């Protein structure tokens, strides 16, 4: 499995002189297994990936892509209308995304980007053939020796973690996500406090966090949300649906992950500030069997 990062930023694209080193495009990851092309999320980074595919692959064969959307927040789909292969006859896309209680949810969200007030091209005018497929927590055989497992994550909109397994190698994505927490008050002086609900909330949060850790156990590569530091998270970011670098690293180390890449950098985080975090966590603190990296646009990783 060969992985390339085309967009590593969270929340919104932030081009400019302070984001050149790590990149300002939002989430897009390319996964290659032989000649098979898988893309995880369609943030603004997918535009350059699409141009690369047309320049280097179209002359050889028609374009076929499996696109896996973790969720439909704007920063993870904003690049899709600018993905050039969808305008070419002969292109075929399987588009996977999380199922919700809403009928035709994925279709409505993606089609909605191609409405008159947002974009000059209609969905019906696209030349590519596209197939929309819904995923829940499940295991699925993708053929050719490739299998997929999915896990619901803790995020304000339904979001899936992905675990790809191929010939004994494991690649996981875990974003956007934060640790599950007890939603009930644990303060006996709080009028809303109810001991039974509190205990049940604590147990449920523990179980879900353990399921997430089991999900990534033994991964050769884990790309994990690391938008905040622990101090930032605890001070004002609880409930925003993102993890701290420290939490992600602890999860990886506890679960025999060989390599973790911290991803979804805060849009306010400048290159020099990420350098400081990299020095702190990926160099001086890089102790043990888990290798720690900070995601950069253009980074290539082999499993």
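Just to check your reading of the model, which residue among 255, 214, 209 is out of contact with any helix residue (DSSP H, G or I) (no Cβ under 8 Å at 6 or more places or on another chain) and surrounded by 15 or more Cβ atoms within 10 Å (Cβ to Cβ)?
Of the residues listed, the single one that is out of contact with any helix residue (DSSP H, G or I) (no Cβ under 8 Å at 6 or more places or on another chain) and surrounded by 15 or more Cβ atoms within 10 Å (Cβ to Cβ) is 209.
For the stretch 53-70: of the residues being assigned to a loop (DSSP other than H, G, I, E, B) and surrounded by fewer than 21 Cβ atoms within 10 Å (Cβ to Cβ), which is nearest to the chain's Cα centre (by Cα)?
Applying the filter and picking the extreme gives 63.
Scan the stretch 109-135 and report the pairs whose first residue is free of Cβ contacts under 8 Å to residues at least 60 places away in the same chain and whose second residue is exposed (fewer than 11 other Cβ atoms within 10 Å of the Cβ), with Cβ atoms within less than 7 Å and a gap of 6+ or a chain change.
Qualifying pairs under 7 Å: 127/89.
In the list 140, 163, 122, 181, which residue meets the criterion of being in contact with a strand residue (DSSP E or B) (Cβ under 8 Å, 6 or more places away or on another chain) and surrounded by fewer than 16 Cβ atoms within 10 Å (Cβ to Cβ)?
140
What are the residues in the stretch 241-290 that are within 20 Å of residue 23 (Cα to Cα) and assigned to a strand (DSSP E or B), if any?
Answer for the stretch 241-290, where residues must be within 20 Å of residue 23 (Cα to Cα) and assigned to a strand (DSSP E or B): 244, 260, 261, 262, 263, 265.
For the stretch 81-132, give me each residue that is under 30 Å from residue 149 (Cα atoms) and assigned to a loop (DSSP other than H, G, I, E, B).
Across the stretch 81-132, the qualifying residues are 83, 90, 91, 99, 100, 101, 102, 103, 104, 113, 128.
Looking only at the stretch 14-52, count how many residues are buried (at least 20 other Cβ atoms within 10 Å of the Cβ) and either in a loop (DSSP other than H, G, I, E, B) or free of Cβ contacts under 8 Å to residues at least 60 places away in the same chain (or both).
Selection size over the stretch 14-52: 20.
Read through the list (1) modelled with pLDDT of 90 or more; (2) within 23 Å of residue 147 (Cα to Cα); (3) in contact with a strand residue (DSSP E or B) (Cβ under 6 Å, 6 or more places away or on another chain), then give the number of the only condition that residue 175 fails.
(1)
Checking residue 91 against (1) crowded, with 22+ Cβ neighbours inside 10 Å; (2) over 20 Å from the mean Cα position of the chain (by Cα); (3) closer than 17 Å to residue 4 by Cβ: exactly one of these is not met. Which one?
Residue 91 satisfies all of (1) crowded, with 22+ Cβ neighbours inside 10 Å; (2) over 20 Å from the mean Cα position of the chain (by Cα); (3) closer than 17 Å to residue 4 by Cβ except (3).
Run residue 298 past the list (1) under 18 Å from the mean Cα position of the chain (by Cα); (2) over 18 Å from residue 11 (Cβ atoms); (3) buried (at least 17 other Cβ atoms within 10 Å of the Cβ); (4) in contact (Cβ under 8 Å) with a residue 40 or more places away in the chain and report the number of the one that doesn't hold.
(3)
Scan the stretch 212-240 for residues that are under 15 Å from the mean Cα position of the chain (by Cα) and in a helix (DSSP H, G or I) and jot them down.
212, 215, 216
The values are calculated or read from the model by the stated rules, or taken from the named source; none is laboratory data. What you are looking at is a predicted structure, and each value in this text was computed from that prediction instead of being measured. Note that each Cβ is placed from the backbone with ideal geometry, even for glycine, and that neighbours are counted across all protein chains shown.
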